[in-house]
Amino acid sequence: MFTARVAAGVFALALVTGVCYRLELNVATTGFLFLLLVMAQSLFSGLAASAILSLIAAGCLDYFFVPPVLQWQISDPTDTVALTTFLVTALLITNLQGRARNEMRRAERRGVSLSGLYEVTHRLLAIGPEADLTPSLLPIFRTVFQLRAVCLYDGATGETHTDGESICGLQKRTRDACLSGVDADDRIADVSVRYLRPLGTGAGAIGFEKLTDPALTASALAALAVSAFERVRAAREASSAALAAETEAFRGILLDVLAHEFKTPLAVISTAAGGIREAGPLRQEQLEMAGTIEAEASRLGSLTTRLLRVARLDRAEVNLNMERLNISSLVARTVCQHANRLDGREVSYHTADRTAEALVDGELLGLALSQLLDNAVKYSSTGAPIAVALTAGRDAIAIRVSNPGNSIPPGEEERLFERFYRGPGAQQIAPGTGLGLYVARKIVLAHGGSLAVDNAHGNSARTVFCLRLPAAGSERAPEIALPEQ
């Protein structure tokens, strides 16, 4: 092809030379005609063919049109300048046209690549979040860009997915790129591999075999693969969150209804037990049984009220009724109220600040302390002592509830306060819903305080929760309403 184009250019040059020589045209006119011929050659041939034609044209101009004619001699120095100018001009024109032609070809390739990327994006967006993305992704890449093969390696599962028939070991190259975390391009094998960082829960890599212009399209296709996986993951998480919100709303309504329904029969039981006591003379064991019925009915009534408050609090429907209270006395009352629920455990309460005051909702703060005490009872062995300590500073009051038991695994401290979350093995230790600590922290946050696992106190054999509140008169004022979460 190259030889044919050079031969065609030389033939055209010979024809123009013969015509100009027969017509006895001067050097200037003939030189312009030769330049037009070189320009035409550069439009259809490469730089090398045009440069060869430029040199031959300069020689023809010297031999046939520069005196002495038909001799390789130049008598006038100005003719030397003219020939040199012609040759330089022809070479410059050839070079510029070659660059323009290359840029045009690159622009065409970019246009084709962008069109392919648009088509891939359009097809990926049409894939629903419920579909398995991997089997759909690879055929789209291969068909749109006419690849020999495409391979996806998932570092989280160690699985390799391939579409097409590879002849250059694309699977191994893709896996190696994931393990090394480095992109790779092999122009001889026509293979391009790109490392993918956020692919699902771990790293990954995607490889392309027989990809046109990989410098332009390989990274873009890898980015599209990552964005497709992230889009599907986000859509599934959003769907799960919406379903969880609906379930939680239904659960709150159900708890509310059940709590109300329990109150009526409990009131009847309490009234009946009191009526039996007042009905007439009873033996001692009968009086004790009536008292037990009243006490247990009262306890169930308290639990029902507490359940109703928790259900409403979880929906952020309760506002704080703030008042200035002695926190030491509030903690002491709450501990005493739980004395019959501690399964024979000893509870010690220590404080050196009997008059520590804060602006709080006494009922809700008591509920938060109750949750911490219940948690200490659930996750400690029978007979294990529970310690409650209060310390007060100028700006804050700290209440620590601790119990012997297994230490909380690292990284689980914050997750314990998530709604419905229960730590590893918690279900085997004690039943529960995973709402207690969540509600307790929500109450404390509403007061402008904090609730967290306290690793700085005690030892590894004890679990300590620290509840902090702003002291009365401190600059940090509590919120008036429960925050939305």
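The values are calculated or read from the model by the stated rules, or taken from the named source; none is laboratory data. All values reported here derive from a predicted model rather than from experimental measurement. Positions of Cβ are generated from backbone atoms using ideal geometry, with glycine treated the same way; all protein chains shown enter the neighbour counts.
Figures for the structure shown
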| read-out | value |
| --- | --- |
| Some residue of the range 344-351 being at pLDDT below 80 and over 30 Å from Leu445 (Cα atoms) | yes |
| Answer from Leu25, Leu47, Leu87 - the residue that is surrounded by 12 or more Cβ atoms within 10 Å (Cβ to Cβ), closer than 30 Å to Ala215 by Cβ and not assigned by TED's automatic domain parsing to the domain that holds Pro214 | Leu47 |
| Which numbered condition Trp72 fails, given (1) closer than 30 Å to Ala218 by Cβ; (2) in contact with a helix residue (DSSP H, G or I) (Cβ under 9 Å, 6 or more places away or on another chain); (3) free of Cβ contacts under 8 Å to residues at least 24 places away in the same chain | (1) |
| Strands (runs of 3 or more DSSP E) completely within the range 138-235 that count 2 or more residues being crowded, with 22+ Cβ neighbours inside 10 Å | 149-154, 191-196, 204-209 |
| Total residues in the range 103-135, condition within 22 Å of the chain's Cα centre (by Cα) and surrounded by 15 or more Cβ atoms within 10 Å (Cβ to Cβ) | 5 |
| Lone qualifier among Phe65, Phe2 - being in contact (Cβ under 8 Å) with a residue 40 or more places away in the chain and either loosely packed, with under 12 Cβ neighbours inside 10 Å or within 30 Å of Asp213 (Cα to Cα) (or both) | Phe2 |
| His457, sole failed condition from (1) in contact with a strand residue (DSSP E or B) (Cβ under 9 Å, 6 or more places away or on another chain); (2) modelled with pLDDT under 85; (3) under 13 Å from Asn375 (Cβ atoms) | (3) |
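Quick grid of which residues meet (1) at pLDDT below 80; (2) among the hydroxyl-bearing types (Ser, Thr, Tyr); (3) within 60 Å of the chain's Cα centre (by Cα):
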position	(1), (2), (3)
Ala8	no, no, no
Ala14	no, no, no
Val19	no, no, no
Asn26	no, no, no
Leu33	no, no, no
Leu43	yes, no, yes
Ile56	no, no, no
Ile74	yes, no, no
Leu91	yes, no, yes
